[in-house]
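Notes for the one structure printed next.
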């Protein structure tokens, strides 16, 4: 699942300082295994996914002696994380939206993720902001989150054209959304300039995440 790039060791170490020890980890997009090997050194178990067959073969060679690593050559978003697994990813930028939809459908309690900085700005956007979208609603509805650090583009080899952000997210409650609700939130926010039916005088893009969910429920009742 990984893009063909890897993070320099200094930044790998800085990121991993913030990941708790002795936990079960669900890692999305192993790439060359730079994070996987270090995660295994302080985690109870690492279940790691890499969709690219070439990268997966490299990963297998690197982790062959590690007894607490389970490597799967498949798309992580086809799988359901265990309730006690934390999510870790240096996320391929092309899968950012898929990641938030997947988190919304599954009961994930802790997330440690590196994403494109522009995408994190979208996730952090509040009602009324031009970057406030469906993924902003889904993410803020379900998670408390904070930015740990920005990662410059030259921290990666090869160097991408964008910067990255490492953030931590903790689930607000044990609620999950159905696929139907998720799709309706995304569809509703695509019509962001539409008038609200539950808050007269407001546009959809001015509603809080909780109010957007109320709007979706109200539309279901029509």
In percent, what relative contact order does the stretch 180-221 have, based on Cα pairs under 8 Å that are 6 or more apart in sequence? 37
Quick one: work out the % antiparallel among DSSP beta bridges in the chain, nearest 5. 50
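Which order results if 172, 147 are arranged by neighbouring Cβ count within 10 Å, fewest first?
Taking fewest neighbouring Cβ atoms as first place, the list is 172, 147.
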Rh by Kirkwood over Cα pairs, then Stokes-Einstein D for the chain at 1.567 mPa s and 4 °C, µm²/s: 71
Can you compute log10 of I(q)/I(0) for the stretch 180-221 with the Debye formula, treating each Cα as one identical point scatterer, at q = 0.15 Å⁻¹? -0.27
A correct fewest-to-most ranking of 156, 32, 10, 112 by other Cβ atoms within 10 Å would be 10, 32, 156, 112
Does anyone have the angle between helix 209-221 and the longest principal axis of the chain? Alpha-carbon axes, 0 to 90°, nearest 10? 60
Helix-derived [θ] at 222 nm for the chain: sum -39500 (n - 2.57) over DSSP H runs of at least 4, divide by residue count, nearest 500? -10500 deg cm²/dmol
Which ordering of 39, 219 is given by a fewest-first count of other beta-carbon atoms within 10 Å? 219, 39
Quick check: from the Cα gyration tensor, does the stretch 1-120 come out rounded (a/c under 1.5), prolate or oblate? rounded
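FYI, it's all coordinate maths here, none of it is from the lab. Remember, it's a predicted structure, so these values are computed and weren't measured experimentally. Cβ atoms come from the backbone with ideal geometry, glycine included; neighbour counts cover every protein chain shown.
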